[in-house]
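The values are calculated or read from the model by the stated rules, or taken from the named source; none is laboratory data. This structure is a prediction, so every number in the text was calculated from the model and none was measured. Counting neighbours? That spans all protein chains shown, and the Cβs are built from the backbone with ideal geometry, glycine included. Only protein heavy atoms, including side chains, enter the accessible area calculation; ligands, DNA and RNA are left aside. Shrake-Rupley method; radii C 1.70, N 1.55, O 1.52, S 1.80 Å.
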Amino acid sequence: QLVLVESGGGSGQSGESLRLSCAASGFPLDYSAIGWFRQAPGKEREGVSCISSSGGRPNYADSVKGRFTISRDNAKNTVYLQMNSLKPEDTAVYYCAAVFLAAVPIATDQPMCALRASGYHYWGQGTQVTVVS
């Protein structure tokens, strides 16, 4: 069983906050990278943020830097996306995705995961986020 389940989506106004959760089953987060992606109707799926068990700092798309924060709770096997200062352009279906990694953590200030959908093998069902101005 390799399952990812997103939750926490909903509707908010510009400037408000939402927190998304991605609960993983069937694999440990401490041997994986988890990414958040989003897709609006008619648009290509966009990488938002990712976090890796290999070390390094989380990776963020330029459009969300300073507003969104990704975090991981290995004990709960859950990854979170805290979304602050929401904008209407954040409206999309948000997906979490996972890929297995070798457990080779290193000390670095660079991201150890990439915001490319092709790099992730397992996907959740998505949760809708709607932001109104």
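Counting only protein chains, not ligands or nucleic acids, how are MET83, MET112 ordered by accessible area (probe 1.4 Å), most first?
Per-residue accessible area, sorted high to low, gives MET112, MET83.
Normalise the Cα radius of gyration of the range 19-83 by 2.2 N^0.38 Å (N = residues in it) and let me know the number.
1.12
Give the cross-link partners of LYS76 among the lysines, using a straight C-alpha distance below 29 Å as the criterion and excluding same-chain residues fewer than 8 apart.
Within reach: LYS65.
Counting only protein heavy atoms, what percent of the accessible surface of the range 88-133 is carbon or sulfur at a 1.4 Å probe?
The value for the range 88-133 is 58 percent carbon and sulfur by accessible area.
Under a 1.4 Å probe, what is the accessible area of the chain per residue, stated in Å²?
50
Using the Kirkwood radius over C-alpha pairs as Rh, can you work out the diffusion coefficient of the range 18-133 via Stokes-Einstein at 37 °C, viscosity 0.692 mPa s, in µm² per second?
The diffusion coefficient I find is 230 µm²/s.
Taking 1 over the mean of 1/r across every pair of different Cα atoms in the range 1-50, what Kirkwood radius in Å do you get?
13.0
Provide the net charge surrounding ALA92, with neighbours chosen by a C-beta distance below 14 Å and charges set as Lys +1, Arg +1, Asp -1, Glu -1.
Around ALA92, the surrounding residues sum to -1.
Applying a 10 Å radius around every beta-carbon, put 19-29, 45-55 in order of their mean neighbour count, most first.
By packing density, highest mean first, the sequence is 45-55, 19-29.
Less than 18 Å apart at the alpha-carbon level, and either on another chain or at least 8 residues along: which aspartates and glutamates does that give for LYS87?
The reachable aspartates and glutamates, counting only those whose Cα sits under 18 Å from LYS87, are GLU16, GLU46, ASP62.
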